[in-house]
Amino acid sequence: MGQLPNGVARRIIAAIKEQIHSGVYQPGDRLPSTRAFATDWGASRTTVTAAYGQLIAEGYLTTRPGSRAIVAQGLGVAAAPTASSADAPRYLSAFALRLLALPAPAAAQTARIADFRYGDLSGADFPVLAWRRALTRASLRRAPQLRYGDPQGSAALRNALQAYLWRARGISCTPDRIVIVNGSQQGLDLCARLLLDPGDPFVIENPGYVLARHCFVAAGGVAVPVPVDADGLRTGSLPTARLAYVTPSHQFPLGSVLSAARRRALLAWAARTRAYVIEDDYDGEYRHDIAPIPPLQTLDPASVIYAGTLSKTLSPTLRLGYLVVPAALSRAFVEAKRLTDRHTPLPEQDALADLLASGAYERHVRSIRRRNTERRAVLLQALADLCPAVTIAGADTGLHVVAWIDGVAADREPAIIETARAAGVGLYPVSPMYDATEPRPAAAGFVLGYAGLDPDALRRGVAVLATVLAEHRRIG
Ligand SMILES: Cc1ncc(COP(=O)(O)O)c(C=O)c1O
């Protein structure tokens, strides 16, 4: 046994034990090297070696020659700490209280057979080589200084997006109207902060996109749910409101397309009441059976804030999206973006600009669209073959469908989800997308996302779903 640990070594020993007991270091985790630990603590390497030696002697750590110390197996790790009054916040802002009052969205499941979670893409669809090449090119273009970028987004990306939006969506805008954001979610958050004060009413589709609704409610907005039907948002009697959030190309989640007459009515309402319309064109690239639908933005660029995302074509993990804002709002969005996070990471912006400018992005979109059209065909065929008493909505565009379970009441959704989960299938109910104060369809319904699943998993997932539904129909 070496020297007795000195004061610093004793503090290191106590700190590591505390980290092990509280579960920060788990059995099997590697500790930092003695050199790295010594640098972090401003201690000598001899002191850290003595501390590690003592922990090995007490059975907390194990080592093998030449490798870093490892936390020993079988040590008691503290249970997750329970909330006590000491853990409660001292105070919270009104924003935080509104935020915490919102229901948390369903957590992702780990499903053995198929997880129909909407929003996932298949990892196999990501253009790994093209993205790596573009990122490498971006990082090799060394700037003399590493300097914060433009909060609005890199000029290269905004120029490339301007051209892409014109080609792909018929949007005509100058780059100074485009703001690059970390996913359209950040765009919605900026809209909430810039356009809503506490107590302001906002129009939201019912059912609708929960994370948009939550953004506006957290900002203090008062939701005015407006029902949707086969022609999208019902514009017959729109209330006075600051803004309306809509998904006109593919209503989320039910899938209808906002009709031409209602587009005109919505824009006339916005012009008359001086409201803004937020057009979330989240999956505009995916049209299966219908012709391209020009965005609302093209009809009235002064009323519409257009939100686009790369989450449905490249990856939701990248957190890349963009807004096309009315000229009058451009400065407010740029300054809000600056205060939020300075700007979206530049290497990713440059890589995306490269993909767009080289044509690689559009090639990729054609390929992923083809693959998702195939997945959709497999899903619809399997549902038709195996689940006869299920009505499908919203299959013309997008990456999900809604399955209404005829003859099974909505209050059975949780039980069906539980049985499906036990059988290895992740299901997500449509209920949370409805405003709790408004009437909703009597039948159970599920949002089936298919872009993350291969054809075999889709077929097997639907087979399980069919068995689960048959079981629940028997129970009644
Ligand atoms: C209606 C809607 N809008 C936008 C998004 C994309 O959000 P983001 O760009 O933040 O990933 C989603 C993702 O599921 C969505 O369903």
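The values are calculated or read from the model by the stated rules, or taken from the named source; none is laboratory data. Since the structure is predicted, the reported quantities are computational estimates derived from the model, not experimental observations. Cβ placement follows ideal geometry from the backbone for every residue including glycine, while neighbour counts extend to all protein chains displayed. Quick note on the areas: whole protein, heavy atoms, side chains included, nothing else; ligands and nucleic acids left out. Shrake-Rupley method; radii C 1.70, N 1.55, O 1.52, S 1.80 Å.
Placing +1 on the Cβ of every Lys and Arg and -1 on the Cβ of every Asp and Glu, with no other charges, gives the chain a dipole of roughly 1380 debye about its Cα centre. Ordering 216, 95 by accessible surface, largest first, gives 95, 216; the 1.4 Å probe counts only protein heavy atoms, with every chain in place. For residue 211 and residue 362, FRET efficiency with R0 = 22 Å and r from the beta-carbon atoms, rounded to 0.05? Approximately 0.20, to the nearest 0.05. Protection proxy ranking, highest mean first, for peptides 421-427, 205-211: 205-211, 421-427, where packing is the per-residue count of other beta-carbon atoms within 10 Å, averaged.
Quarter the surface of the alpha carbon convex hull of region 239-373 and you get the mean projected area, 9.6 square nanometres.
Can you figure out the FRET efficiency of residue 384 with residue 124, using R₀ = 25 Å and their beta-carbon distance, to the nearest 0.05? Efficiency computed from Cβ-Cβ geometry: 0.45. By its C-alpha gyration tensor, with a ≥ b ≥ c as the square roots of the eigenvalues, how is region 1-69 shaped: rounded for a/c under 1.5, else prolate for a/b larger than b/c, else oblate? Rounded shape, in that the Cα axes give a/c under 1.5.
Projecting the Cα positions of 220, 28, 303 onto the charge dipole of the chain (unit charges on Cβ atoms of Lys, Arg, Asp and Glu, taken about the Cα centre) puts 28 furthest along the positive direction.
Seen through its C-alpha gyration tensor, with square-root eigenvalues sorted a ≥ b ≥ c, the chain comes out prolate because a/c lies at 1.5 or above while a/b is bigger than b/c. The distance separating the Cα centre of region 252-274 from that of region 201-243 comes to 12 Å. Among 410-416, 103-109, 156-162, the peptide with the highest mean count of other Cβ atoms within 10 Å heads the list, and the full ranking is 156-162, 410-416, 103-109.
For the pair region 360-411 and region 26-51, the centres of their Cα atoms are 54 angstrom apart.
Taking all protein chains in place and a 1.4 Å probe, what share, in percent, of the accessible surface of the chain do carbon and sulfur account for? Roughly 56 percent of what the probe reaches on the chain is carbon or sulfur.
Taking a Cβ cut-off of under 10 Å around residue 244, the surrounding Lys, Arg, Asp and Glu residues balance to a net charge of -1, with basic ones at +1 and acidic ones at -1. Enter the angle in degrees (range 0 to 90, nearest 10) between the Cα long axis of helix 128-140 and the first principal axis of the Cα atoms of the chain, meaning the one along which they spread out most. The answer is roughly 70 degrees. Take 275-287, 141-153, 345-357 and order them by the average number of nearby Cβ atoms within 10 Å per residue, most first; the result is 275-287, 345-357, 141-153. Ranking 386, 52, 182 by Cα position along the charge dipole of the chain, where only Lys, Arg, Asp and Glu carry charges on their C-beta atoms, puts 52 farthest toward the positive end. Taking Cα atoms, how many degrees apart are the long axis of helix 455-475 and the longest axis of the chain, rounded to 10 and kept between 0 and 90? For 455-475 against the chain, the angle is about 80 degrees. Only Lys, Arg, Asp and Glu carry charge here, each on its Cβ (+1 for the first two, -1 for the last two); on that basis region 1-76 has a dipole of about 180 debye about its Cα centre.
Shape annotation for region 102-169: C-alpha extents along the principal axes are 49, 32, 31 Å, from largest to smallest. Efficiency by 1/(1 + (r/R0)^6): what FRET value for residue 369 and residue 94, r their Cβ-Cβ distance, R0 = 56 Å, to the nearest 0.05? Computed FRET efficiency for residue 369 and residue 94 comes out at 0.80. With a 1.4 Å probe and every protein chain left in place, work out the accessible area per residue of the chain in Å², rounded to a whole number. So the chain comes to 48 Å² accessible per residue, rounded to a whole number.
Electrostatic tally near residue 75: other residues with Cβ closer than 14 Å to its Cβ, Lys and Arg +1, Asp and Glu -1, net -2. Electrostatic tally near residue 295: other residues with Cβ closer than 10 Å to its Cβ, Lys and Arg +1, Asp and Glu -1, net 0.
Compute the Cα gyration tensor for region 354-476, then decide on rounded, prolate or oblate, letting a ≥ b ≥ c be the square roots of its eigenvalues: rounded whenever a/c is under 1.5, prolate when a/b is larger than b/c in the other cases, and oblate in all that remain. In terms of gyration-tensor shape, prolate.
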